[in-house]
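Single-structure report; data block below.
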């Protein structure tokens, strides 16, 4: 795997690991970043459906916030009573919707759902059902400053590798835009997308993992 780094003076570094189709694709941005030709701008949060709760006002307009990878927490993830309470609440909220809610081996709380449930018309637009779930999740974690959320978009079965990379990246950005709209700061959101041949890929799925880095210690 190779790595491309672009530096703007002393203000920001964009590091882009890349590989052939079939391998993990990821991107990390740190520092105050200015628009650069060839870098996709952040995606504006879609408008909530009629009758949905009014969005909270995030620390900056969602349309101006590029989701970035959070800094590595100083402490490992913990599984606290509060995390167990969240798990139980999300299990009850998602009952009958075909969504897996479980505690991972690294003590993160993961929600795994199908792409068909999450996105409209096999595209990147967040579905009304996924939006409802994200609103509930944001209400549970937005006040905890050491909560980090990782969005992992897995490819659709049968999609060409090139198209899968582009679509999974766009899907993670759309989900991150909704999280930002409902009060999760961009620096607490991490994006991951996978190409179809990656051995760890789970075709047709979207994963949202919640990491508690110390709020309940």
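The values are calculated or read from the model by the stated rules, or taken from the named source; none is laboratory data. Quantities reported herein were computed from a predicted structural model and do not represent experimental measurements. Note that we place each Cβ from the backbone using ideal geometry, even for glycine, and neighbour counts take in every protein chain shown.
Quick rundown of the values:
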read-out: Answer residue from segment 142-153, given it is at pLDDT 90 or above and out of contact with any helix residue (DSSP H, G or I) (no Cβ under 7 Å at 6 or more places or on another chain) and is farthest from residue 124 (Cα to Cα) among those; value: 150
read-out: Residue in segment 147-158 that is touching a residue at least 40 places away in the same chain (Cβ under 8 Å) and surrounded by fewer than 14 Cβ atoms within 10 Å (Cβ to Cβ) present; value: yes
read-out: Residue count for segment 103-124, restricted to those that are surrounded by 14 or more Cβ atoms within 10 Å (Cβ to Cβ) and part of a loop (DSSP other than H, G, I, E, B); value: 4
read-out: Some residue of segment 83-95 being assigned to a loop (DSSP other than H, G, I, E, B), at negative phi, over 17 Å from the mean Cα position of the chain (by Cα) and at pLDDT below 90; value: no
read-out: Residue selected from segment 159-189 under the condition buried (at least 21 other Cβ atoms within 10 Å of the Cβ) and outside any helix (DSSP H, G or I), by the criterion farthest from the chain's Cα centre (by Cα); value: 182
read-out: Top-ranked residue of segment 125-146 - restricted to ones that are touching a strand residue (DSSP E or B) at 6+ places or on another chain (Cβ under 8 Å), in contact (Cβ under 8 Å) with a residue 60 or more places away in the chain and more than 14 Å from residue 179 (Cβ to Cβ), ranked as surrounded by the fewest Cβ atoms within 10 Å (Cβ to Cβ); value: 125
